[in-house]
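Right, one structure below, let's go through it.
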Amino acid sequence: MAIVTRRNFVLGLAAAAVVPVPQCSPGALPDAVPLPDDPFTLGVASGDPAPDGMVLWTRLAPDPLNGGGMPNAAVAVHWELALDPDFVDVIAEADAIADPALAHSVHARAIGLPADTWFWYRFTAAGWTSPVGRTRTAPRPNARPASLRFGVTTCQHYARGYYTAHQNLALEDLDLVTFVGDYIYEANASGPRTHGTPTATTLADYRNRYALYKSDPNLQAAHAAFPWMVTWDDHEVVNNYAGDADSSGTSTTAFLERRAQAYQAWYEHQPVMLPGGANPRFDIYRMLVWGKLARMAILDGRQFRTPYRCGSGGGPLCEAMAGNEVTMLGTAQEQWLASNLAAAPATWHAIAQQTVMTPFAPSTVGAGVNLDQWDGYPAARSRMFDLLEHPAVTNPVVLTGDIHCAIALDMHRDGDVANPKVATELVAPAVSSTFAAGLEAGFEAGLNARPQTRHVNAHQRGYLTCEVTPDQWVARYRVVDSLVPSSGATTDATIVLDAET
Ligand code: FE
Ligand code: CA
């Protein structure tokens, strides 16, 4: 049963009722289950900040790399949310259920909270207490916040390097982090670190892969420091899948079964305010609203895209992908984006998504392109540009991951800088995933030869930070040495966008 306290609630927001959603009905708390070992091995996280709440996440897993090590029973997990890191001013608390059907993950929804406020949270279960996380609510929809500071991260291959990027990210002064895909990699791999298990294909496999990644203390620190907005790309299921098809000819039925299990494991390990369970189809696209300063659409460019008909490599694009029916987002998500991106005024309109959108050639048919990116979906990109050029979509910025290379690009129709600029694309560097060895310099030279390129670095790993105000969007490309476990971060490039309207 939910228990609400309002001790020392002194923010002058007396009308704000602090009423968490009851996580279970009275009398439904499960019997106490003894847990001889610390179940909080995977840290804590929060996400999807709204003006009145957010979701708080943890997972009970005393033996995280071997299925979790929990008894096959539901466990009550108590959570507390406070105005201070010492939990003197606890303003909301309740019990949530860690269900074995969802790997004893907890997605506790705190609602009724004051807007634009920082909080600290923790969980307790069977006498154990979790690490403390810090989170916040968004400003009210009609507020005019002075700034939004957020990080953009992507592509954190565990075996390719250390999470030096997360170690530094956790120290930044940010409101939140947006993650744009490749949180895990499904295949076995070794490098500075090793996955140590075969390619993930089942729910149990994917759970163990997430647990390995989430066992990293630097990743835990970055989650504990800020709320995250998370979406996925391909490697949360399998490399270069497209809609209902993988790239190795698996039957649709078998692939959708694998995808549903991968999606469930993703849900179990992410701080997302979404319905959980076995999800053959899982709508994860949603909107972050930061008052009248910024709206950020969090998109899914994988689940609903047209399967490749010309391959997923370097082209050429064939006529089979040149028709108007070709989609990157699917009809429902496209319509949702069109009706929600500018549903209320905001200075900045951001699109957080997976693959590079900027065109480089007048016609991509026959050109040397990357058909996994928007280059392979020209009609879908044209419709996206129509939306980004809508007068209500002021100051559009596209946030991208996937390619393991930091890039800043001006987007023009047909890749022709003589055409008006549609938007700026900021491609975040990978946390640890590497660019194709030996091809970095050539790729950089090729991009630098394009007039729309403002910055490119394929050699280094890191993350992006964005400081957004009513006048400017300042993007800083932060780089680290991911092969040195505790290297510092430096700013490799700063891109400043001026608000035009
Ligand atoms: Fe990647
Ligand atoms: Ca990818």
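What the Cα convex hull of region 26-154 gives, in volume per residue, is 133 Å³.
Coupling constants for region 114-130 follow from the phi torsions by the Karplus curve (6.51 cos²θ - 1.76 cosθ + 1.60, θ = phi - 60°), and in residue order they are x, 6, 6, 9, 8, 9, 10, 9, 7, 10, 9, 7, 6, x, 9, 10, 6 Hz; glycine and proline get x. Each of Asn419 and Asn340 was given a label point 7 Å from its Cα along the Cα-to-Cβ line. The distance between the two points is 2.8 nm.
Residues whose amide H falls under 5 Å from that of Arg286, counting only those 5 or more places apart or on a different chain, are Ile298, with hydrogens built in the peptide plane.
On a per residue basis, region 350-501 carries 36 Å² of accessible surface, using protein heavy atoms and a 1.4 Å probe. Counting 0.36 nm for each residue step from Ser215 to Ala278 and taking away their Cα separation leaves a gain of 20.3 nm. Shape summary: the chain maps onto an equivalent ellipsoid whose semi-axes, from the alpha-carbon gyration tensor, are 36, 26, 21 Å in decreasing order.
In region 279-366, which GluC sites (Glu not before Pro) fall in coil by DSSP and have 15 or fewer other Cβ atoms within 10 Å?
Values: sites: Glu319, Glu325, Glu334; in loops: Glu325.
For GluC sites (Glu not before Pro) across region 279-366 that sit outside H, G, I, E and B with at most 15 neighbouring Cβ atoms in 10 Å, the list reads Glu325.
Using θ = phi - 60° in the Karplus curve 6.51 cos²θ - 1.76 cosθ + 1.60, the 3J(HN,Hα) couplings for region 315-329 round to x, x, 5, 9, 4, 5, 10, 9, x, 5, 6, 5, 10, 9, 10 Hz; x is entered for Gly and Pro. Between Ala379 and Trp128, what's the calculated FRET efficiency when r is the beta-carbon distance and R0 is 51 Å? Round to 0.05. Here the calculated transfer efficiency is 0.45. Placing a pseudo-label 7 Å from each Cα along the Cα-to-Cβ vector at Glu319 and Asn142 gives an inter-label distance of 5.7 nm.
Proximity of backbone amide H atoms, modeled 1.01 Å from N, is registered between His412 and Val422 at under 5 Å, excluding neighbours fewer than 5 places apart on the same chain.
Only protein atoms count toward the accessible area here, which uses a 1.4 Å probe; on the chain, the carbon and sulfur part of that area reaches 53 percent. The helix-based estimate of mean residue ellipticity at 222 nm for the chain, built from -39,500 (n - 2.57) per DSSP H run of four or more residues and divided by its residue count, is -4500 deg cm²/dmol to the nearest 500.
Full extension from Glu500 to Ala437: what is 0.36 nm times the residue separation minus their Cα-Cα distance, to one decimal in nm?
Separation in residues times 0.36 nm, less the Cα-Cα distance, equals 18.7 nm.
The values are calculated or read from the model by the stated rules, or taken from the named source; none is laboratory data. Computed from a predicted model, the values in this text were never measured in an experiment. Every residue, glycine as well, gets a Cβ built from its backbone with ideal geometry; the counts of neighbours run over all protein chains shown. The protein model used for the area step is the full one, side chains on, heavy atoms only, and it has no ligands, DNA or RNA in it. Shrake-Rupley method; radii C 1.70, N 1.55, O 1.52, S 1.80 Å.
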